[in-house]
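Q: Take this structure, written in structure tokens, and hold onto it; I'll ask about it next.
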Amino acid sequence: MFIKLYKVVFGIFLLFLGCLNASAQNYPANTPVALNGKLKVSGTQLVNACGNPIQLRGMSTHGPQWYQNCYSEESLDVLVKDWGISIFRLAMYVEEQGYVNNPNFWRGWIDNMVDACGKRGIYCLIDWHVLNPGNPNANKSAAIDFWKYMSTKHGSKAHVLYEICNEPNGVDWGTVKSYATDIISTIRNNNDPTVIIV
């Protein structure tokens, strides 16, 4: 009886390890992503690859079009090693000399920052930031192109999350919801199961 129980407990332990390792390959050992894998939502709870609740703590950029020199390999190392962050948010302002003014440049910048976060084993939240003009539908075609690209390029990465409409203002929930429905459909059509924050 004891041997049977031991085999069951050992088997569950191996499944648990397999659950984490299957989704957290290629990340430095003992980092947030290596320990938790690709995140998902269960009910209203953010959970790790094994279904255990998780809380992320981190920092966000301001508009990188204004403060790009603040976001370097060295500054990210300080945030990870000294501040202990588990997530870094890339606030991609849409207007104000942001994404719509130079999409190719900003896609490359985001790609590099996503890779820099992955190299350190922390999560990366890609944020489409609509503070100005406030209405997420004002640049909807650019948003659809952006999220098609991001979900194709980064959707399979365990450390990536999406925030598809940060700081909408001057509009009602119905406007935000109609935008979100189309963007979520764009992402999911790429078979991308990444967590989406609206």
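Residue by residue, here is whether (1) outside any strand (DSSP E or B); (2) at pLDDT 95 or above; (3) among the small types (Gly, Ala, Ser); (4) under 14 Å from the mean Cα position of the chain (by Cα) holds:
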| position | (1), (2), (3), (4) |
| --- | --- |
| Val8 | yes, no, no, no |
| Leu20 | yes, no, no, no |
| Ala29 | yes, yes, yes, no |
| Cys50 | yes, yes, no, no |
| Met59 | no, yes, no, yes |
| Ser75 | yes, yes, yes, no |
| Ala91 | no, yes, yes, yes |
| Gln97 | yes, no, no, no |
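Q: Shifting gears a bit: Could you run through segment 108-145 and say how many residues are in contact with a Ser or Thr (Cβ under 6 Å, 6 or more places away or on another chain), closer than 17 Å to Met59 by Cα and either in a helix (DSSP H, G or I) or open to solvent by 50 Å² or more (accessible area, probe 1.4 Å) (or both)?
A: 0
Q: Determine whether Tyr179 is part of a helix (DSSP H, G or I), among the hydroxyl-bearing types (Ser, Thr, Tyr), open to solvent by less than 10 Å² (accessible area, probe 1.4 Å) and touching a residue at least 24 places away in the same chain (Cβ under 8 Å).
A: yes
Q: Considering only segment 80-88, I want to know if a residue exists there that is part of a helix (DSSP H, G or I) and either hydrophobic (A, V, I, L, M, F, W, C) or over 30 Å from Asn169 (Cα atoms) (or both).
A: For segment 80-88, residues part of a helix (DSSP H, G or I) and either hydrophobic (A, V, I, L, M, F, W, C) or over 30 Å from Asn169 (Cα atoms) (or both): present.
Q: Okay, moving on. For residues that are out of contact with any Lys or Arg (no Cβ under 8 Å at 6 or more places or on another chain) and of a type in the set (Val, Ile, Thr), scanning just segment 27-45, find the one that is nearest to Gly58 (Cα to Cα).
A: This residue is Val33.
Q: Suppose we keep only residues that are of a type in the set (Gly, Ala, Ser) and surrounded by 16 or more Cβ atoms within 10 Å (Cβ to Cβ) within segment 146-157. Which one would you say is nearest to Leu35 (Cα to Cα)?
A: Of everything passing the filter in segment 146-157, Gly155 is nearest to Leu35 (Cα to Cα).
Q: Sticking with this one: Determine whether segment 36-43 contains at least one residue that is open to solvent by 60 Å² or more (accessible area, probe 1.4 Å) and at positive phi.
A: Yes, segment 36-43 has at least one match.
Q: Considering only residues that are touching a residue at least 12 places away in the same chain (Cβ under 8 Å) and more than 16 Å from Asp127 (Cβ to Cβ), look in segment 158-175 and name the one that is surrounded by the fewest Cβ atoms within 10 Å (Cβ to Cβ).
A: Gly170
The values are calculated or read from the model by the stated rules, or taken from the named source; none is laboratory data. These numbers come from a predicted model, not from an experiment. Because the Cβ atoms are built from the backbone with ideal geometry, glycine has one as well, and the counts that use them run over all protein chains shown. All accessible areas refer to the heavy atoms of the entire protein, side chains included, with ligands and DNA or RNA removed. Shrake-Rupley method; radii C 1.70, N 1.55, O 1.52, S 1.80 Å.
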